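Novice: This is the structure, below, for whatever I ask next.
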Amino acid sequence: MSRLEAVFADTRAHNRAALIPYIAAGDPNPLLTVPLMHALVDAGADILELGIPFSDPMADGPIIQRATERALTFGVSLRQVLEMVMDFRRQDQLTPVVLMGYANPIEAMGIEQFAREAASAGVDAVLTVDYPAEEAMPITQALKEHGLANIFLVSPTTPVEREQATLQQAGGFIYYVSLRGVTGAQLSDLDEVKAKVLELKAQGNLPVGVGFGIRDAQTAGKMAAFADAVVVGSALVEAIEMVADKGDALILGAAAAFIKPIRAALQR
Amino acid sequence: MGYTQYPDAKGHYGIYGGIFAPETLMEPLRELTEAYHRYRVDPEFLAELEADFQYYVGRPTPLYHAQRLSNHLGGAQVYFKREDLNHTGAHKINNSIGQALLAKRMGKTRIIAETGAGQHGVATATVAARLGLECVIYMGADDIVRQAPNVMRMKMLGATVVGVTSGTRTLKDALNEAMRDWVTHVDNTFYIIGTAAGPHPYPQMVRDFQSVIGREAKRQCLTQIGSLPDAIIACVGGGSNAIGIFYDFLNDAGVSLYGVEAGGDGLETGRHAAPLNAGRPGVLHGNRTYLMQDENGQIIGTHSISAGLDYPGVGPEHSFLKDTGRAHYVAITDDEALDGFRLLTKMEGIIPALETSHAIAYAAKLAPELSKHQSIVVNLSGRGDKDMNTIAAIEGFPL
């Protein structure tokens, strides 16, 4: 059983949704990323999503754009992100790590080399925003050869035929984008999200996580009623940003304090 | 067929192009592709486009024999395809009109666009005003300063101009922001991309609308020169005017094609915007193409005196034409472009855009290498009114 499968088996057994916090690797500074990952796990994170900084994050809202820009001022590269995961794995062999990012840093390293190094660093899955199913076959295969899952986004605009084509390549879990918009935008229609998530769960064997626009415990709790996992990104990154210049202890504390009530709300 | 059979059904030009877009845009892009393929052969659509080209844009634009400049350069006869004489002052309106007519047929009520020099923004604001559509233009905060006259024109035309302060505050960041807007408002919004880049079908659609330039130029060459030209020169930022004039000549092996990139302070300085000369293939803004990037795949800041060429990528078909050797891509520095600007202004009484000045500067290098019986066509893609602030500052004129 993979680390991701083990998490979902456990959360299902305990009748709750899994919590997936997102942070941008290198934000607010590269030395704090691994401590932040451990702090998030200690506060109840089930799976960690680590953003690979990219100069042109066209699917991200202003909060994650700023986080990315902070990371890039330290020159954080994909190679360094993999080193962070390797470092994290020295103390934590159980919590799955999903890398989320854009195609170009991966292409610059080379898809095959990236898949190999990500696997040996202890990455579990990869989500690349701008590799839709049509262009994803090379990376899906490379990841698969090294035992990694390729995670795909499904959005409110995705028709059923596309869902099916996407599910054929998808691994780990399906990431359902709960709104039309960029990360961190306002969530509008919970019923639409619910209908789509149930449809996705009926279609395949993969768990379905929901992300984009989940800012607080209340919304997370509503999502947990029907979703297998809830991703919290921009709101957490913003909580970190607000104390970014206040020292490491406060930053770690703020991140943990932010996700604890969300984790509690995921119990069904 | 030869070079004109591209893209394939998935939008690829060899290994370039494609659809590298966020999932939310995949279905809207499919709908757009479907609509475009329906209307590109629809007689009624084509008749409306043709009528707009003739009566609203002012096409066909002349092919002008610059005799005084040709004599001065002492080589090939230099002709200019006068896209600067189009309504709104550049080739950009050819594409804006085409896409806006498509938007209307698709029932979209809101138009968005990115702009660098402001020419595409002005052209899009113009057609939006004429069709009564809401219009939002994204423009890098730095470009808003250096292209102030065009910002005023867009505002007068009723468009909302949004300054983009993220990243390098130029064209690439405006494109990112326009994509974010589109992801958020896909239901009622049509994104008019101004250059032959972006996810499929944009590179093909923009090329097709701009290819009127090359079709006219070919006809005019045969009438006025009595033969095809020996060379065609056009500036390349994203590359819409270049692919527009190249396309009808792609299978004419005797016609050399030259795309001129922005060499900025010089290729050796790294401060330039010449991905085809000094970049590597990668993925940005929905397509695979040559990019200015560092060893980690981060897009690096570009530099050019002309806002319209200040872009780290290039249309995928140009990447394909470079690799196949069908077109040659060269670079002209800021200083050389300024010399080209002065040359055309003083020799022929035509004030070109700074973007176009790069093509003129290369023509001034190439013409003396050819005989006076040979001919060069330069795509005079835009006029220079918008650049008066930049030029005045360089020449020390008070404005």
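Novice: Considering B:248, B:252, B:208, which residue is out of contact with any helix residue (DSSP H, G or I) (no Cβ under 7 Å at 6 or more places or on another chain), acidic (Asp, Glu) and assigned to a helix (DSSP H, G or I)? Can you show your working first?
Specialist: Numbers: B:248 fails: out of contact with any helix residue (DSSP H, G or I) (no Cβ under 7 Å at 6 or more places or on another chain); B:252 fails: assigned to a helix (DSSP H, G or I).
Result of the check over B:248, B:252, B:208: B:208.
Novice: Could you check residue A:213 against (1) open to solvent by less than 60 Å² (accessible area, probe 1.4 Å); (2) at pLDDT 95 or above and say which number it fails?
Specialist: For residue A:213, the failing item is (2).
Novice: Quick one: is residue B:116 at pLDDT 95 or above, under 22 Å from residue B:305 (Cβ atoms) and buried (at least 20 other Cβ atoms within 10 Å of the Cβ)? Steps first, answer last, please.
Specialist: Details: at pLDDT 95 or above: no; under 22 Å from residue B:305 (Cβ atoms): yes; buried (at least 20 other Cβ atoms within 10 Å of the Cβ): yes.
Judged against the criteria, residue B:116 is not a match.
Novice: Sort through A:80, A:91 and tell me the only one that's in a loop (DSSP other than H, G, I, E, B) and surrounded by fewer than 24 Cβ atoms within 10 Å (Cβ to Cβ).
Specialist: Values: A:80 fails: in a loop (DSSP other than H, G, I, E, B).
After ruling out the rest, the residue left standing is A:91.
Novice: Now, a different point. Under the condition of being open to solvent by less than 10 Å² (accessible area, probe 1.4 Å) and assigned to a helix (DSSP H, G or I), which residue from the range B:59-83 is farthest from residue B:353 (Cα to Cα)?
Specialist: The qualifying residue farthest from residue B:353 (Cα to Cα) is B:70.
Novice: Starting from the range B:361-375, take each residue that is among the aliphatic types (A, V, I, L, M) and list its partners that are surrounded by fewer than 22 Cβ atoms within 10 Å (Cβ to Cβ) and in a loop (DSSP other than H, G, I, E, B), counting only C-beta distances under 7 angstrom and pairs at least six apart or across chains.
Specialist: Pairs that qualify, where the first residue is among the aliphatic types (A, V, I, L, M) and the partner is surrounded by fewer than 22 Cβ atoms within 10 Å (Cβ to Cβ) and in a loop (DSSP other than H, G, I, E, B), are B:367/B:75; B:370/B:75; B:370/B:230.
Novice: What pairs come out if I take residues in the range B:27-40 that are over 14 Å from residue B:10 (Cβ atoms) and aliphatic (A, V, I, L, M) and pair them with residues that are part of a loop (DSSP other than H, G, I, E, B) and open to solvent by less than 80 Å² (accessible area, probe 1.4 Å) whose C-beta lies under 7 Å away, six or more apart or interchain?
Specialist: Listed by first residue and then by second, the contacts come to B:32/B:201; B:35/B:106.
Novice: Is one or more of the residues making up the range A:25-42 under 21 Å from residue B:20 (Cα atoms), within 14 Å of another protein chain (Cβ to nearest Cβ) and touching a strand residue (DSSP E or B) at 6+ places or on another chain (Cβ under 8 Å)? Talk me through it step by step, then tell me what you get.
Specialist: As a first pass, look at the range A:25-42 and keep what is under 21 Å from residue B:20 (Cα atoms): none.
For the range A:25-42, residues under 21 Å from residue B:20 (Cα atoms), within 14 Å of another protein chain (Cβ to nearest Cβ) and touching a strand residue (DSSP E or B) at 6+ places or on another chain (Cβ under 8 Å): absent.
Novice: Out of the residues in the range A:43-73 that are among the polar types (S, T, N, Q) and without any contact (Cβ under 8 Å) to a residue 40 or more places away in the chain, which is farthest from the other protein chains (Cβ to nearest Cβ)?
Specialist: Initial filter on the range A:43-73 (among the polar types (S, T, N, Q)): A:55, A:65, A:68, A:73.
Imposing the further condition that a residue be without any contact (Cβ under 8 Å) to a residue 40 or more places away in the chain reduces the set to A:55, A:65, A:73.
Working: A:55: 4, A:65: 6, A:73: 12 Å.
Per the stated criteria, the residue is A:73.
Novice: Moving on. Kindly list the number of the only condition in (1) more than 14 Å from residue B:112 (Cα to Cα); (2) in contact with a Ser or Thr (Cβ under 9 Å, 6 or more places away or on another chain); (3) open to solvent by 20 Å² or more (accessible area, probe 1.4 Å) that fails for residue B:188.
Specialist: The number of the failed condition is (1).
Novice: Looking only at the range B:303-326, filter to residues that are farther than 15 Å from residue B:262 by Cβ and assigned to a loop (DSSP other than H, G, I, E, B); which one of those is nearest to the chain's Cα centre (by Cα)? Give the steps one after another, and end with the answer.
Specialist: Residues of the range B:303-326 that are farther than 15 Å from residue B:262 by Cβ, as a first pass: B:316-317, B:319-326.
Subsequent filtering for residues that are assigned to a loop (DSSP other than H, G, I, E, B) retains B:325-326.
Working: B:325: 21, B:326: 19 Å.
Per the stated criteria, the residue is B:326.
Novice: Among residues belonging to the range A:132-151 that are in a loop (DSSP other than H, G, I, E, B) and open to solvent by less than 10 Å² (accessible area, probe 1.4 Å), point out the one that is nearest to the other protein chains (Cβ to nearest Cβ). Full working, then the answer.
Specialist: Restricting attention to the range A:132-151, the residues satisfying the condition of being in a loop (DSSP other than H, G, I, E, B) are A:132, A:146-148, A:151.
Those still in the list that are open to solvent by less than 10 Å² (accessible area, probe 1.4 Å) too: A:132, A:151.
Numbers: A:132: 5, A:151: 11 Å.
Restricting to residues being in a loop (DSSP other than H, G, I, E, B) and open to solvent by less than 10 Å² (accessible area, probe 1.4 Å), the top hit is A:132.
Novice: On to the next question. Checking residue A:100 against (1) touching a helix residue (DSSP H, G or I) at 6+ places or on another chain (Cβ under 9 Å); (2) in a strand (DSSP E or B), only one condition comes out false. Which one?
Specialist: In the conditions (1) touching a helix residue (DSSP H, G or I) at 6+ places or on another chain (Cβ under 9 Å); (2) in a strand (DSSP E or B), residue A:100 misses (1) alone.
Novice: Can you spot a residue in the range B:51-58 that is crowded, with 17+ Cβ neighbours inside 10 Å, more than 10 Å from every other protein chain (Cβ to nearest Cβ) and over 21 Å from the mean Cα position of the chain (by Cα)?
Specialist: Of all residues in the range B:51-58, those crowded, with 17+ Cβ neighbours inside 10 Å come to B:52-53, B:57.
Restricting the remaining residues to those that are more than 10 Å from every other protein chain (Cβ to nearest Cβ) gives B:52-53, B:57.
So of that shortlist, the ones also over 21 Å from the mean Cα position of the chain (by Cα) come out as none.
No; the residues of the range B:51-58 include none that is crowded, with 17+ Cβ neighbours inside 10 Å, more than 10 Å from every other protein chain (Cβ to nearest Cβ) and over 21 Å from the mean Cα position of the chain (by Cα).
Novice: Go through B:217, B:242, B:178 for me and flag whichever is open to solvent by less than 10 Å² (accessible area, probe 1.4 Å), in contact with a Cys (Cβ under 8 Å, 6 or more places away or on another chain) and assigned to a helix (DSSP H, G or I). Break it down stepwise before answering.
Specialist: Details: B:217 fails: in contact with a Cys (Cβ under 8 Å, 6 or more places away or on another chain); B:178 fails: in contact with a Cys (Cβ under 8 Å, 6 or more places away or on another chain).
Sole residue among the options that is open to solvent by less than 10 Å² (accessible area, probe 1.4 Å), in contact with a Cys (Cβ under 8 Å, 6 or more places away or on another chain) and assigned to a helix (DSSP H, G or I): B:242.
Novice: Given the criterion facing chain B (nearest Cβ under 9 Å) and over 19 Å from residue A:85 (Cα atoms), identify the matching residue among A:178, A:155.
Specialist: Working: A:178 fails: facing chain B (nearest Cβ under 9 Å).
None of the other options fit; the residue is A:155.
Listed here are the residues, each with its yes/no results for (1) within 14 Å of another protein chain (Cβ to nearest Cβ); (2) open to solvent by 10 Å² or more (accessible area, probe 1.4 Å); (3) not aromatic (Phe, Trp, Tyr).
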site	(1), (2), (3)
B:289	yes, no, yes
B:292	yes, no, yes
B:299	yes, yes, yes
B:307	no, no, yes
B:313	yes, no, yes
B:321	no, no, yes
B:335	no, yes, yes
B:340	no, no, yes
B:353	no, no, yes
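Novice: Would you pick out the residues in the range B:1-39 that are assigned to a loop (DSSP other than H, G, I, E, B), out of contact with any strand residue (DSSP E or B) (no Cβ under 6 Å at 6 or more places or on another chain) and more than 8 Å from chain A (Cβ to nearest Cβ)? Before you say what the answer is, go through the steps one by one.
Specialist: Residues of the range B:1-39 assigned to a loop (DSSP other than H, G, I, E, B): B:1, B:6-11, B:14-15, B:21-22.
Filter once more, keeping what is out of contact with any strand residue (DSSP E or B) (no Cβ under 6 Å at 6 or more places or on another chain): B:1, B:8-10, B:14-15, B:22.
The answer is B:1, B:8, B:9, B:14, B:15.
Novice: Does the range A:109-124 include one or more residues that are touching a Lys or Arg at 6+ places or on another chain (Cβ under 8 Å) and within 12 Å of chain B (Cβ to nearest Cβ)?
Specialist: So far as the range A:109-124 goes, yes, one or more of its residues are touching a Lys or Arg at 6+ places or on another chain (Cβ under 8 Å) and within 12 Å of chain B (Cβ to nearest Cβ).
The values are calculated or read from the model by the stated rules, or taken from the named source; none is laboratory data. As the structure is a computational prediction, the values presented were derived from the model and not from experiment. A quick note on method: Cβ atoms are made from the backbone with ideal geometry, for glycine too, and the neighbour counts reach across all protein chains shown. Note: accessible area is taken over every heavy atom of the protein model, side chains too, but ligands, DNA and RNA are not part of it. Shrake-Rupley method; radii C 1.70, N 1.55, O 1.52, S 1.80 Å.
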